[in-house]
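S.K.: One structure coming up, written as structure tokens, with questions to follow.
Every number here is computed from the coordinates shown, using simple stated rules; none is lab data. Everything numeric in this text was worked out from a predicted model, so none of it was measured. Cβ: placed from backbone, ideal geometry, glycine included. Neighbour counts: every protein chain shown.
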Amino acid sequence: MLARGLTRDTTVVALGGGITTDLAGFVAGTYLRGVPWIAVPTSLLAAVDAGIGGKVGVNTQAGKNVIGLFHRPLSVLIDVDLIATLPPHEVDNGLAEMVKHGAIADRAYLDALVSRAQRLRTLQPGALAPLIRRSVEIKAGVVAADPQESDYRQVLNAGHTIAHALELVSGLRINHGRAVAIGLSVEARMATLLGLLSATERDALIQTLTALSLPTMVPVDLDPADIVRATAIDKKARRGRPRYTLLARLGSVARGAEGFAREVDEKIALEAIEESRQGPE
Ligand SMILES: NC(=O)c1ccc[n+]([C@@H]2O[C@H](COP(=O)([O-])OP(=O)(O)OC[C@H]3O[C@@H](n4cnc5c(N)ncnc54)[C@H](O)[C@@H]3O)[C@@H](O)[C@H]2O)c1
Ligand SMILES: [Zn+2]
């Protein structure tokens, strides 16, 4: 951009998945101390999550989410026909965040996802359009209420404390979407163990994930104690103590004395992980 002599009247257009929208938004936010940008997300994850909310950045060897800034796009243009060519194994990533959005804000949305599971999996534009629209509304609503991530935005972190630990412990063998799906299921078990979420609603969430062909069990080859140790290195941890966003009901997050993210006794985390381990009876 410098070599081409682009001036302040430049607008950056990001056409691609979340890596592209994050990078292009970051370039736009820093070039000449900030020029406008427009997001055109082409992956399901970028459409429902990465392209929405104005958090942009670059991944470095120091990790994800270390270098970045808040720079909201002028607009986000989602063309569902662009998403149709996404490889099938990439669909999990978007789908898991869509389930998360329903779990934190809209129970009926979970039912809508399940009833269109097959058409979603095969990326049929007619099924995608209304479901992407609702996910965007949910995320954008949370972001608008808390643009600088002071507290309420923590609700978007549901399932993610365990998910990040699973990604770390598995050496990224478990992709983000599958880690989030397992994380939602483990953290729902934690919420039930703490008396926040009823067992019926916990099971309904796990069944929703299963109906969408997302995993809910922690692979047996991962050591539960290693997973718990890894939660302490999560970016949301404070003083090395991991924090969790837990559900009170399907469609609503429990608010505690510390806000929407809370510290949880390691024994509870361990018990929830043990409960969700796959393997012989
Ligand atoms: N800024 C945020 O708030 C936020 C939120 C969530 C995730 N993220 C970031 O988003 C990134 C992940 O995004 P992603 O899952 O889109 O990954 P990605 O950008 O790597 O895209 C996934 C793969 O799909 C390909 N692809 C994208 N669109 C396609 C299409 N229409 N047809 C065929 N192939 C297509 C890409 O080339 C890539 O190989 C991570 O870096 C993550 O940190 C950011
Ligand atoms: Zn995520």
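S.K.: Expressed as cubic angstrom per residue, what is the convex hull volume of the alpha carbon set of segment 19-62? Can you show the working numbers first?
M.R.: Values: hull volume 3.3 nm³, N = 44.
Once divided by residue count, the hull of segment 19-62 is 76 Å³.
S.K.: Using a 10 angstrom Cβ neighbour count of at most 11 plus a DSSP loop assignment to flag exposed trypsin sites (Lys or Arg not before Pro), which longest range of the chain is free of such sites?
M.R.: Working: sites that count: Arg4, Arg8, Arg239.
In short, 9-238.
S.K.: I need two numbers for segment 141-281: Rg to one decimal and Dmax as a whole number, Cα atoms only, in Å.
M.R.: Reported Rg and Dmax, both Å: 14.1, 46.
S.K.: At Thr7 and Thr30, where each label point lies 7 Å from the Cα along Cα→Cβ, what is the point-to-point distance in nanometres?
M.R.: With each label point 7 Å from Cα toward Cβ, the separation is 2.5 nm.
S.K.: Another question, then. So for the chain: antiparallel DSSP bridges make up what percent, rounded to the nearest 5?
M.R.: Values: 11 of 19 bridges.
Bridges in the chain are about 60 percent antiparallel.
S.K.: Return the calculated 222 nm mean residue ellipticity for the chain, to the nearest 500 deg cm²/dmol, obtained by summing -39500 (n - 2.57) across DSSP H runs with n ≥ 4 and dividing by the residue count.
M.R.: Numbers: 11 runs with 126 residues, N = 281.
Value at 222 nm, helices only: -13500 deg cm²/dmol.
S.K.: Sort largest first and round to whole Å: the equivalent ellipsoid semi-axes of segment 1-151, each the square root of five times a Cα gyration tensor eigenvalue.
M.R.: Details: eigenvalues 161, 59, 36 Å².
Square roots of five times the eigenvalues give 28, 17, 13 Å.
S.K.: Sticking with this one: What is the log10 of I(q)/I(0) for segment 126-174, computed with the Debye formula using one identical point scatterer on each Cα and no solvent, at q = 0.13, 0.17, 0.21 Å⁻¹?
M.R.: Debye curve over Cα of segment 126-174, log10 I(q)/I(0) at q = 0.13, 0.17, 0.21 Å⁻¹: -0.48, -0.71, -0.82.
S.K.: Next up: Where does the Debye-calculated log10 I(q)/I(0) of the chain sit at q = 0.07, 0.15, 0.16 Å⁻¹, using only Cα point scatterers of equal weight, no solvent?
M.R.: -0.25, -1.14, -1.28
S.K.: Turning to a different aspect of this structure: Can you divide the C-alpha Rg of segment 93-180 by 2.2 N^0.38 Å and report the result to two decimal places? All intermediate terms of the calculation are to be shown ahead of the outcome.
M.R.: On the way: Rg = 13.9 Å, N = 88, 2.2 N^0.38 = 12.1 Å.
After normalising by residue count via 2.2 N^0.38 Å, the value is 1.16.
S.K.: Here is a further query. Of Ala272, Tyr152, Val218, which is farthest towards the positive pole of segment 144-281's charge dipole, taken about the Cα centre with +1 and -1 on the beta-carbons of Lys, Arg and Asp, Glu respectively?
M.R.: Tyr152
S.K.: May I pose another question? Enumerate lysine pairs in the chain that are 8 or more residues apart or on different chains, then count those whose Cα atoms are under 23 Å apart.
M.R.: So the count works out to 16.
S.K.: Of Leu172, Leu214, Leu95, which is the most mobile in a GNM of the chain whose springs link Cα atoms less than 10 angstrom apart?
M.R.: So, out of Leu172, Leu214, Leu95, the one fluctuating most is Leu172.
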